[in-house]
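These notes concern the structure reproduced below.
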Amino acid sequence: MKNRYFVISIFLLFTTLFGCSSNRSVQSPAAADAAVLEEYKIGVGDALSINVWRNPELSLSVPVRPDGKISMPLIGDVLAADLTTEQLSKNITASLTTFIRSPQVTVIVANPSSSDFQRRVRITGAVANPQSIPYREGMTVLDLVLLAGGTNQFASANKAKLYRKVGGELKVYPIKLDDLINEGDVATNYALQPSDIVTVPERNF
């Protein structure tokens, strides 16, 4: 009887340890932040429509120059690149208060020509066709790999990585690509965000 209880105790101990270890997983990227997906930042080449209420002489349509700036009457050059329309509107409003009373400024991106580069996802390395493609809502790692024609014969697929900028810091997340494709293990089939990069290294022979 004592031996039976001893065996049961050992079994429970190993079950507990195994259960704890199986629950330990690599850090996964957080769910897609709506602000990341929806908040557009102005880029070089974008065409902006700027309206200053009750001041048509200050309202204009203007492109963002290669230096990231636009020119406006009264206030001259204004940095626009890498700002949201709301941020640019606030900056223009603050500059115009020197010249007019209580300005109300609206900024609209009339032609977001730079968005194609901002909202892309990329896959490089040991895949059939490395890709840089426009981001589409709902895309996952597997979608991107399939669009690239899958991994090639030299790929070390379980050592693939996802690179993502989070709060200005580059984060790296491991992808078990071989497990995902061949075993259906979707644990690392992360949802993608604009500007994500997936890399698939080659095996060391």
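Numbers for the structure displayed
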item: Failed item, numbered, when residue 126 is tested on (1) of a type in the set (Gly, Ala, Ser); (2) surrounded by fewer than 16 Cβ atoms within 10 Å (Cβ to Cβ); (3) touching a residue at least 60 places away in the same chain (Cβ under 8 Å); (4) within 28 Å of residue 204 (Cβ to Cβ); result: (2)
item: Residues of region 137-146 classified as in contact with a helix residue (DSSP H, G or I) (Cβ under 8 Å, 6 or more places away or on another chain) and part of a loop (DSSP other than H, G, I, E, B), total; result: 1
item: Of all residues making up region 91-119, the number that are hydroxyl-bearing (Ser, Thr, Tyr) and touching a residue at least 40 places away in the same chain (Cβ under 8 Å); result: 4
item: Single residue of region 195-205 satisfying the filter (farther than 16 Å from residue 139 by Cβ and in contact (Cβ under 8 Å) with a residue 40 or more places away in the chain) that is surrounded by the fewest Cβ atoms within 10 Å (Cβ to Cβ); result: 204
item: Search result, residues across region 147-194 that are assigned to a loop (DSSP other than H, G, I, E, B) and open to solvent by less than 60 Å² (accessible area, probe 1.4 Å); result: 148, 149, 150, 152, 156, 184, 189, 190, 192, 193, 194
item: Which listed residue is free of Cβ contacts under 8 Å to residues at least 40 places away in the same chain, among the aliphatic types (A, V, I, L, M) and under 28 Å from residue 46 (Cβ atoms), from 147, 177; result: 147
item: Residue satisfying all of: in region 70-92; open to solvent by 40 Å² or more (accessible area, probe 1.4 Å) and under 15 Å from residue 47 (Cβ atoms); nearest to the chain's Cα centre (by Cα) among these; result: 85
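The values are calculated or read from the model by the stated rules, or taken from the named source; none is laboratory data. Computed from a predicted model, the values in this text were never measured in an experiment. Note: ideal-geometry Cβ built from the backbone for every residue, glycine included; neighbour counts use all protein chains shown. Surface areas here come from the heavy atoms of the whole protein model, side chains and all, with no ligands, DNA or RNA. Shrake-Rupley method; radii C 1.70, N 1.55, O 1.52, S 1.80 Å.
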